[in-house]
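Notes follow the structure.
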């Protein structure tokens, strides 16, 4: 195990936090936000040209998106779904992740502030993600478009990819899935091996599923049980897992099933790491290395993919047919 991760586990054992399932949702959200802020406090953010907050209309009401313009625009687009058990996290907790993606890939990144459970259970967050991906494709047309996410956001990202495969409103050039939850039955060997004492507790994971999918009848839906459905025709996939993660084996199995279905897959192990390493990249060198590795793999995937048709100018400005928006620019100059 990475020595920094071992130290984090030791500190948590000395001063344990109350399990998420014993707290109110607001308490869990505040704690998650504080932890994300602390992990980025001493780390320089990747520079981008501008960051803009907007609101768009979804099928169940309005929600936010945050758009990152890269300094060196390479005519790419990433729609990003943040992690947090469908219940916590937001565009602020994953600001550093999205800046890193924009800078690394030269991509416009649209980070989705989807409505969260339990106030908005399944399929609400998924529907918001679908609307956001289609909005992004219409606003920044002709770009190589990646659907991406971490943890619960990775599950949402793949659910969006399945929807768009079947409805053909958006064509994705790739999908990036980092430690996705794929099996609501949570029956893998890694759930038993790493379900306690590795910063992510299996009983808390079960609680998150209960918030997002309170009706057990929906847990067999292909957008929830990602190992159950037909995986043919999905975009080339980069899939990252962490060695000491309860979700590790689910990710390994998903990579194997995608390959069997004829999907090009590059699976990257996160040796010595735990669930959530993207948020630790500013303080744990091995987490930074694993983050760089998955983005390098995505770069290879996009480089190998055919160029998108009718590519938009490199300026990446919104299409004239874009939906009506309420813009709130956060930065008009390069930021670090």
Quiz item: At what distance in nm do the modelled label points of residue 300 and residue 260 sit from each other, each positioned 7 Å from its Cα along Cα→Cβ?
Solution: 2.4
Self-check item: Most mobile of 207, 11, 86 in a GNM of the chain (Cα contacts under 10 Å)
Solution: 11
Exercise. Enter the Cα centre distance for the pair segment 191-239 and segment 54-86, rounded to the nearest angstrom.
Key: 23
Self-check item: Top of 228, 99, 168 by mean-square fluctuation, Gaussian network on the chain, Cα under 10 Å
Solution: 168
Exercise. Give the angle, between 0 and 90 degrees and rounded to the nearest 10, that separates the Cα long axis of helix 124-139 from the longest principal axis of the Cα atoms of the chain.
Key: 30
Quiz item: Quick one: of the DSSP bridges fully inside the chain, what percent are antiparallel, nearest 5?
Solution: 45
Quiz prompt | Highest-MSF residue in the chain out of 224, 56, 147 [GNM, Cα springs under 10 Å] | solution = 56
Quiz item: By how many degrees, between 0 and 90 and to the nearest 10, does the Cα long axis of helix 248-260 differ from the longest principal axis of the chain?
Solution: 50
Self-check item: Angle between the chain longest axis and helix 285-304 axis [Cα atoms, degrees, rounded to 10]
Solution: 40
Quiz item: Given the C-alpha centroids of segment 115-129 and segment 275-293, what is the distance between them in whole angstrom?
Solution: 27
Quiz item: Hey, with R₀ at 45 Å, roughly what FRET efficiency would residue 232 and residue 9 work out to, going by the Cβ-Cβ distance, to 0.05?
Solution: 0.70
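Throughout, read-outs are computed from the coordinates displayed, never taken from laboratory work. These numbers come from a predicted model, not from an experiment. Reconstructed Cβ throughout: ideal geometry from the backbone, glycine too, with neighbour counts over all protein chains shown.
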